[in-house]
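To start, the structure under review is shown below, and the notes come after it.
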Amino acid sequence: MTAAVERDGLPGWLLPVRQAAESVRPEQLSRFLPPPEGGRPSAVLMLFGEGPLGPDLLLIERARSLRSHAGQPSFPGGALDPEDGDPAGPGPVAAALREAAEETGLDPSGVQVFATLPALYIPVSDFVVTPVLGWWRRETPVAPVDLAETGAVFRVPLTDLTDPANRARLKHPSGFTGPAFEVAGRLVWGFTAGVIDRVLHYSGLARPWDTARTIALSDEALGLAARRERS
């Protein structure tokens, strides 16, 4: 399930995204960078397509029964397996495609990987995550493969992600504050929202929005997070 990075042949609207991915520095994406040693190598697939409402992004909602990030919208992805290969080489691309296929049922042969972002760090889970950017040039049906792992699979138009009315900053009881998107009847926050926010910004696709607008997690989301902390 490995695939080489192929940068050419993209639709015009994706070219600024590719340019941003090829030039952005790790510290421009997050203040949480991989430690010199340790951390579990992992990868996520940031998959762009063209749906009924125009350019969009594929996301999943993690099952509410999971111990980690239960019920949270995210990119498809997960930890590298030994068969994925070298974490410093082809491993992240292979893992992102494999995990996306396992979670959503998509056919990886229809995905053109056109770039990878610098590896970032998620302290709460000790994951060193490489975002892999793909163009869904030949689409296949997607849906949760295992409801114990994936609660939903959905596509979000880029126009919804860039709509100022859907943007806010989330204040977490832990003290975390970061970008959030109210889209598709869900709240996208945390690592996923942070990557989306930075990619939109450095691609020049973001529109001005009220950065003073803040929202809080729902009681349900807080309950799921608290359950993880108790487990």
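The values are calculated or read from the model by the stated rules, or taken from the named source; none is laboratory data. Worth saying up front: this structure is predicted, and the values here are computed from it rather than measured. As a convention, Cβ positions derive from the backbone with ideal geometry for all residues, glycine included, and neighbour counts pool all protein chains shown. Accessible surface areas use protein heavy atoms only, side chains included; no ligands, DNA or RNA. Shrake-Rupley method; radii C 1.70, N 1.55, O 1.52, S 1.80 Å.
Restricting attention to segment 111-120, which residues are surrounded by fewer than 20 Cβ atoms within 10 Å (Cβ to Cβ) and either at pLDDT below 95 or in a strand (DSSP E or B) (or both)?
Of everything in segment 111-120, just one residue is surrounded by fewer than 20 Cβ atoms within 10 Å (Cβ to Cβ) and either at pLDDT below 95 or in a strand (DSSP E or B) (or both), namely THR116.
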**Study point:** Every residue from segment 168-203 that is in contact with a strand residue (DSSP E or B) (Cβ under 8 Å, 6 or more places away or on another chain) and under 15 Å from LEU117 (Cβ atoms)
**Key:** PHE191, THR192, ALA193, GLY194, VAL195, ILE196, ASP197, VAL199
Practice item. Determine if segment 88-105 includes at least one residue that is part of a loop (DSSP other than H, G, I, E, B) and of a type in the set (Asp, Glu). Key: no
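Which residues, taken from segment 147-167, are in a loop (DSSP other than H, G, I, E, B) and either free of Cβ contacts under 8 Å to residues at least 60 places away in the same chain or in contact with a strand residue (DSSP E or B) (Cβ under 7 Å, 6 or more places away or on another chain) (or both)?
Scanning segment 147-167 gives THR162, ASP163.
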Exercise for review: Answer with yes or no whether ARG137 is under 20 Å from GLY105 (Cβ atoms), open to solvent by 70 Å² or more (accessible area, probe 1.4 Å) and at pLDDT 95 or above.
Suggested key: yes
Exercise for review: For segment 83-121, enumerate the residues that are closer than 19 Å to GLY39 by Cα, touching a residue at least 60 places away in the same chain (Cβ under 8 Å) and touching a strand residue (DSSP E or B) at 6+ places or on another chain (Cβ under 7 Å).
Suggested key: VAL93, THR116, LEU117, ALA119, LEU120, TYR121
Practice item. Output the residue which, of all residues in segment 184-208 that are more than 14 Å from the chain's Cα centre (by Cα) and more than 20 Å from PRO16 (Cα to Cα), is most open to solvent (accessible area, probe 1.4 Å). Key: GLY185
**Study point:** Unmet requirement for PRO41, which otherwise passes all of (1) under 19 Å from the mean Cα position of the chain (by Cα); (2) within 19 Å of ALA206 (Cα to Cα)
**Key:** (2)
Review point. Which condition number does PRO55 fail, the rest of (1) part of a loop (DSSP other than H, G, I, E, B); (2) open to solvent by 10 Å² or more (accessible area, probe 1.4 Å) being met?
Key: (1)
Check your understanding: If you go through segment 8-28, how many residues are of a type in the set (D, E, K, R), surrounded by 14 or more Cβ atoms within 10 Å (Cβ to Cβ) and part of a loop (DSSP other than H, G, I, E, B)?
Key -> 0
